[in-house]
Amino acid sequence: MGKKGKKEKKVKGAEKTAAKMEKKVSKRSKREEDDLEALIAEFQSLDAKKTQVVETTCPPPSPRLNGSLSAHPEKDELILFGGEFFNGKKTYLYNDLFFYNIRKNTWVKSEIPNPPPPRCSHQAVVVPQGGGQLWVFGGEFASPNGEQFYHYKDLWVLHLATHTWENIKAPGGPSGRSGHRMVLSKKQLLVFGGFHESTRDFIYYNDVYSFSLDTFSWSRLSPSGSAPSPRSACQMTSTPDGMGVIIYGGYSKVRVKKDVEKGTIHSDMFLLKREGKDGQEKWSWSRLNPSGNKPPPRSGFSLAVGPAGRAVLFGGVCDEEEEESLEGDFYNDLYLYDTVKNRWFPGVLRGNKTEKKKRRRVKKDMAEGEEAEREEEEAAAPQGPTEIIKEIITEDGTVMTIKEVIPGPQVQEEEEEEEEEEDGKITHTRAKLKERSSQYLCLPNFRVFFFVLFLSSLGSATAPLIEPCPRSSAMATVRQGKLYLYGGMFEVGDRQFTLNDFYCLDLHKMDQWEVLVEMDPKTQEWLEESESEDDEEEEEEAKGAEGEEEESEEESEDEEGKRLFRFFDGRHLCALFIYNEQQVQSPIQDVHDICLYCTPPVAV
């Protein structure tokens, strides 16, 4: 009895501490939320002017991350809503709504009156009732400078049959949050975790709420057992029988000093189990110890539920945090979790087997001697490297050609052995600039730096492996046994690349990724701080300002060199610099895992 009493006191003490922290965060963030509420009200007033549904065929959605991609319960359609985009200087939040027709491979933008305000890191769940409904809860809105945040606690439903939005006002729901997870379990929407952040404080949650789709009412669950620690961005999957929910991983952070925070990537797994009949349900937490090949710890992974109730996990990032720096390793691997067997296993692609099938058919029709002769000819045939040439036109009109050399089997094996000795997980390739406009050639005593970071691994010489580049915060869903993946982001140095490419993978065949939308280099926009600072300095010089402080070494290096362009085409990260011949250091020495190609000094 004594031990039990102490345990109950500890639980109650933790609940009181969490309540105090939530009150403190709420009080400090109220002022900045008031400012953002005024901005959100402006967006809503503009949306209120729309009186009818307008649907237009359009290109694929713009680059974004932390939106939601859902499969229509009745049609071969996907629904994309919201998300965010950051260009290095300004943050954009979206509330646009897109429908993707799987059979026609077309996008339609649907403008519906009175939609939810712009948001990201929300949750969206599709239910089949009423001709199909898309339920959206929570998320966050950020100021354009990305320094203030507003966390939603509203609940919306999109009626897919009538294309109308409805704001569901039900008391007793979760507090404002983002990064939470929501799933459908029988006739309930279950919400777990998330976080709330202001400029000064933050709090992570591990509470569980249930929303009844019958009574349209919220209730907070009080499961027995040891709950997962507070976290956001975890995996939340319903069990096939609808009697439980599985929680895996997630992310949280704590403050270790006044201005120093430390993040934690969770890799534990829990089962939230339902017992009893409707109206008399009891919930309990228990820890799971899955077998198999578990994914390495990561955050920002994408999650969808595939055939046979298997959870599909893609990508993510593992951050290495220091007091004044943050570097991350991005992934593009695939893992599947069998909810019935409680087992993880990697999603290994089998590759395209059409050539093997053809050869087997030939074997049946050919004599043994002819077949042996054929095999000798194939063995004697040269299996050298394959050259792929891709022409890119950048935003400023520069025409450049990227030559990608895919080695033959023997050469590739040698390179793989060399790569094992190195620490890089990304396959690198050197590319030379074959065509440059004349303005780049007529520069005496200057040196041209051109680099390419190859972000997709190479396959065989006959069938290069096509796969999404490493990324986090992509949008994923499954329809008819196929995994669809849209957008996301990755970072190189201080540069963030937000994606709008679109991929599909048949989870039954597991053969290869299909590219539905390639990355468009023209959509890549990045406004660096150094550029804006240089502009301000030029304005001050024009006004005759004197007595300026000496520039730092980094700023002087930026002035000596000039970056002509930088872009990402879906597989290659490219940049061209022109630097003074006397400058020894590389203009991108701080960027890891990059192959440089340097030309001799250019002569007139």
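Here are a few things to note about the model shown:
- Take the Cα of R200, go 7 Å toward its beta carbon, and the backbone nitrogen atoms of the range 248-265 under 19 Å from that spot belong to 254-261.
- Each residue in S175, S121, S198 was given a count of other beta-carbon atoms within 10 angstrom of its own, and listing them fewest first yields S175, S198, S121.
- Those residues of the range 130-159 whose amide nitrogen sits under 13 Å from the label point placed on D35, 7 Å along Cα→Cβ: 142-150
- Relative contact order for the range 193-339, counting Cα pairs under 8 Å that sit 6 or more residues apart, in percent: 16
- Sorted by Cβ density within 10 Å, fewest first, the residues K482, K169, K187: K169, K187, K482
- Candidates per trypsin sites (Lys or Arg not before Pro) in the range 43-139, loop by DSSP, up to 16 other Cβ within 10 Å: K49, K50, K75, K89, K90, R103, K104
- For the range 258-292 versus the range 298-314, the spacing of their alpha-carbon centroids is 17 Å.
- In Hz, Karplus ³J(HN,Hα) per residue of the range 261-273 (6.51, -1.76, 1.60; θ = phi - 60°; x = Gly, Pro): 10, 10, x, 10, 9, 8, 9, 8, 9, 9, 10, 9, 9
- Euclidean distance between Cα centres, the range 115-156 to the range 480-527, Å: 22
Read the figures in this text as sums done on the coordinates, not as results from a lab. In this text the structure is predicted, and so the values were computed from the model without any measurement. Methodologically, a virtual Cβ is constructed for each residue, glycine included, from the backbone with ideal geometry; neighbour enumeration extends over all protein chains shown.
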